[in-house]
Amino acid sequence: MISESSNPPKTPFHPAFGVNNIKNSIPILLDRTDGHYTSWMELFNIHVCAYNVLDHINPDSPHPTDINADIWSCLDAVVKQLIYATISTYLIQTVMKLGATAQELWNRLEEVFQDNKVTRAVYLE
């Protein structure tokens, strides 16, 4: 018989840990030149909202109180993986920063596309 003290503590399961193929939900590979940023952003927001990790990319979203710091860090890593899996290699190289949070990556992506807004408008005309 195994004593209760020898059982390791259980890590709570979070829905985001069950994401297995983000490309089924977000079929767009975001690239700097394709003009799909708004569509990609909307699909990504829907996905992270459905998996209850919106607080990792939206500072106005309430931070859950029932998640400890270790689990929150793991969830942040999951969200970073989701971001990296849905953007081009060029964008990965552009926004990647050692130790960055998902929020920082999200903000860097936004800067890349918002800075190009005027340039794109001129180019399209």
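The values are calculated or read from the model by the stated rules, or taken from the named source; none is laboratory data. The structure presented is a predicted model; accordingly, all values stated were derived computationally and were not measured. Reconstructed Cβ throughout: ideal geometry from the backbone, glycine too, with neighbour counts over all protein chains shown. The area values use the complete protein model at the heavy-atom level, side chains included, leaving out ligands, DNA and RNA. Shrake-Rupley method; radii C 1.70, N 1.55, O 1.52, S 1.80 Å.
Structure summary
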| quantity | calculated |
| --- | --- |
| Condition met for residue 55 (open to solvent by 50 Å² or more (accessible area, probe 1.4 Å) and acidic (Asp, Glu)) | no |
| Selection count where residues are over 19 Å from residue 108 (Cα atoms) and either not aromatic (Phe, Trp, Tyr) or not in a helix (DSSP H, G or I) (or both), scope segment 40-72 | 16 |
| Any chance residue 13 is open to solvent by 40 Å² or more (accessible area, probe 1.4 Å), assigned to a loop (DSSP other than H, G, I, E, B), aromatic (Phe, Trp, Tyr) and modelled with pLDDT under 85 | yes |
| Evaluation of residue 120 against (1) at pLDDT below 90; (2) on the phi > 0 side of the Ramachandran plot; (3) not aliphatic (A, V, I, L, M) (one fails), failing number | (2) |
| Number of positions in segment 92-102 that are open to solvent by less than 50 Å² (accessible area, probe 1.4 Å) and free of Cβ contacts under 8 Å to residues at least 12 places away in the same chain | 1 |
| In segment 22-52, the residues that are of a type in the set (A, V, I, L, M, F, W, C), more than 19 Å from residue 95 (Cα to Cα) and open to solvent by 60 Å² or more (accessible area, probe 1.4 Å) | 46, 49, 50 |
| Residue in segment 78-85 that is more than 25 Å from residue 35 (Cβ to Cβ) and crowded, with 16+ Cβ neighbours inside 10 Å present | yes |
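Listed here are the residues, each with its yes/no results for (1) under 12 Å from the mean Cα position of the chain (by Cα); (2) without any contact (Cβ under 8 Å) to a residue 12 or more places away in the chain.
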| position | (1), (2) |
| --- | --- |
| 49 | yes, yes |
| 52 | yes, no |
| 69 | no, yes |
| 72 | no, yes |
| 75 | yes, no |
| 90 | no, no |
| 104 | yes, yes |
| 107 | yes, yes |
